[in-house]
Amino acid sequence: MSALTICYVASEIAPFMKTGGLGDVLGALPKAVAQQGHNVKVFVPYYRHITLTPNRLRTVEINHAVSIKNKQYPITLYIHRNGKTKVEVYFIGNDDMFSRAGVYVDPETNRDYEDNDERFIFFNKAVFAVMAHQRIKPDIVHVHDWQTAIFPVYGKTKYLSESELSNTKYILTIHNLAYQGVFPPEIYDKLDLDTTLFQPMTGPFEFYGKVNFLKAGILYADKITTVSEQYASEIQTSKYGCGLEGVLKKRSDDIHGILNGVDYTVWSPSRDRKLYHTYHIANLSGKRMNKVELLNEAHLPIRDTAPLIGMITRLVDQKGLDLVVAAAERLFAMNLQMIILGTGDKKYHEKLNQLQEQYPDKFRVFLKFDDTLAHRIEAASDIYLMPSQFEPCGLNQLYSLKYGTVPVVRKVGGLADTVVDYNPETKEGTGFVFEEYTPEAMLGAIERAVALFQKKRAWTKVMKAGMREDFSWNKSATKYIDLYQQVHELSSVTG
Ligand code: ADP
């Protein structure tokens, strides 16, 4: 098979900038695809928080400005090349658009930036300008979530005549359908696209009178992927379809679920430099030392018989925090301790602070984004809780498995695909799974976990079963490459 030129266009990339799983995926998938011999480039915005190593960097002058409603926005471009991974990252900047305190949300108001539409219209158009300037001829452009879902629309309409793009195929990955990029109708002009694309009922952008970026992307991409198989079928139902289930069903034959992988160079207890102590499946003593250090850092007493439950999460409804709050009294009546790391909705900041005051020797919350602490919580915890309402893939349950931190999860989306419920008869399983989205169901699963924790041998068996699982990117990257080849061959036949 010949090597393809694959361009990833997305709004986050770890380790430079991430707010969640999307950043992790962009930090790992391109690397894994490049390792299999393809020519890989990633295009991301140049946010203020990004620091780049000068010796890997090339600054390129682009004499082209993006025009949005007659206003011109100049483009800055920094190309970062990592000789080891062979991935080139194109950081596309404009100070007005991206040199800000937040990524999507203004930290002062805790609301989305009002001009997020313009910021990502700028970014998508700037990527086209950079591709033309650098004479990049992608076989595949792989876009991610609403921020770049409009790219295939531009590629197949406005920029179609550009020879670099005449054979390009577009893949859209939905990491989270709950975020669609929905804007008031007045902004449609800013897109600078034909008005027919916003016609009521038939226009791909039109969504109950508003402009919906993701909807248009779903209709224009050649293939759509979701980050787990379960989520691919869930989003085609009214329960999980967030209003787009009809549109998704229309594209049903082109939707594929490909599970996210884990970058084990970043997330492995035996090589994780962020930990107080590394450890290994054959010697778990370091795990206990991590727990002692973290409990000290959290000012919680050390209680060997009490399992420590960890959660690292955006503090939003999706993640099941209302269940945790509703169950708090019964939860903290059990012999356990809990640490949550997260930021998000103010209501959860307040409620979790209250709980911390109420249960000072059992519960500690860190209200911040802190990658080092995230690694330490993964390593130190005995149990990892993910009671999500919905979960497109979920990465922390996968990290937890590798760290011997037994996941307790709701049977939904990627959680259902990756955690095997413990069976007391066969003593098989990698975690504890519950179905109903209720505090009782969640407490039931936690009770089962806490009870097994007291049976050291059985517990260690579950830990080790998880640690042996392999969710490395290789498998998933191969599935993506198969899909890229498949659509590319289509273009050779038709184009
Ligand atoms: P989502 O993308 O919905 O937020 P995922 O489970 O797919 O959820 O990925 C979340 C990623 O973000 C994980 O790498 C997790 O460790 C990280 N993360 C979330 N909140 C924080 C935080 N407050 N500090 C550090 N890392 C965080």
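The values are calculated or read from the model by the stated rules, or taken from the named source; none is laboratory data. Note that the structure is a prediction, hence the values are computed from the model and not measured. Heads up, the Cβs are rebuilt from the backbone with ideal geometry, glycines too, and the neighbour counts pull from every protein chain shown. SASA here: full protein model, heavy atoms, side chains in, ligands and nucleic acids out. Shrake-Rupley method; radii C 1.70, N 1.55, O 1.52, S 1.80 Å.
In whole percent, how big is the carbon plus sulfur part of the accessible area of the chain, probe 1.4 Å, protein atoms only?
Numbers: 10100 of 20690 Å².
Solvent-exposed carbon and sulfur of the chain make up 49 percent of the total.
Taking the Cβ of HIS49 as the center, what net charge do the other residues with Cβ under 12 Å away carry, scoring Lys and Arg +1 and Asp and Glu -1?
On the way: positive: LYS18, ARG48, ARG100; negative: GLU12.
Residues near HIS49 contribute +2 overall.
Would you calculate the separation in nanometres between label points at VAL182 and ARG48, each defined as 7 Å from the Cα along the Cα-to-beta-carbon direction?
3.0
Which parts of the range 93-126 would a label at GLU350 reach, counting a residue when its backbone N lies under 17 Å from a point 7 Å out along Cα-to-Cβ?
It comes to 109-111, nothing else.
Just to confirm a number: summing +1 for Lys and Arg and -1 for Asp and Glu over residues other than ASP304 whose beta-carbon lies under 10 angstrom from that of ASP304, what do you get? Could the numbers behind the result be given before it?
On the way: positive: ARG288, LYS291, ARG303; negative: none.
Local charge sum for ASP304: +3.
Given a 1.4 angstrom probe, what's the average accessible area per residue across the chain, in square angstrom? Let's see the in-between values first.
On the way: 20690 Å² over 495 residues.
The answer is 42 Å² per residue.
Can you tell me the dipole magnitude for the chain around its Cα centre, using point charges on the Cβ only (Lys, Arg +1; Asp, Glu -1), in Debye to the nearest 20?
Values: 58 positive and 57 negative charges, 294 e Å.
Here the size comes out at about 1420 debye.
Would you mind calculating the gained length between VAL60 and SER252 on full extension (0.36 nm times residue separation, minus the Cα-Cα distance), in nm to one decimal? Before the final figure, lay out the partial values.
Details: separation 192, 0.36 × 192 = 69.12 nm, distance 4.13 nm.
Residue separation times 0.36 nm, minus the Cα-Cα distance, leaves 65.0 nm.
Hey, rough spin-label estimate for SER166 and THR305, points 7 angstrom out along Cα→Cβ, what's it come to in nanometres?
About 7.7 nm separates the two model spin labels.
Using the charge dipole of the chain (Lys, Arg: +1 at Cβ; Asp, Glu: -1 at Cβ; taken about the Cα centre), state which of MET289, SER238, TYR484 has its Cα farthest towards the positive end.
MET289
What longest range of the chain stays clear of loop-exposed GluC sites (Glu not before Pro) (DSSP non-H/G/I/E/B, at most 11 other C-beta within 10 angstrom)? Could the numbers behind the result be given before it?
Values: sites that count: GLU61, GLU108, GLU114, GLU425, GLU436.
It runs 115-424.
Going down the table (LYS84/LYS427; LYS249/LYS274; LYS249/LYS411; LYS351/LYS427; LYS250/LYS346), which pairs top 32 Å between alpha carbons?
On the way: LYS84/LYS427 43 Å; LYS249/LYS274 44 Å; LYS249/LYS411 23 Å; LYS351/LYS427 37 Å; LYS250/LYS346 38 Å.
With Cα atoms farther than 32 Å apart: LYS84/LYS427; LYS249/LYS274; LYS351/LYS427; LYS250/LYS346.
Quick one: grab the alpha carbon gyration tensor of the range 228-369, order the square roots of its eigenvalues as a ≥ b ≥ c, and give me rounded if a/c is under 1.5, else prolate or oblate depending on whether a/b is larger than b/c. Write out the running numbers ahead of the final one.
On the way: a/c = 2.72, a/b = 1.46, b/c = 1.86.
Here the range 228-369 falls in the oblate category.
Largest first, please: the extent of the C-alpha atoms of the range 285-470 along each principal axis, to the nearest Å.
Each principal axis gives a Cα extent; for the range 285-470 these are 42, 34, 30 Å.
Please report, in cubic angstrom per residue, the volume enclosed by the convex hull of the alpha-carbon atoms of the chain.
Numbers: hull volume 75.4 nm³, N = 495.
Dividing the Cα hull volume of the chain by its residues yields 152 Å³.
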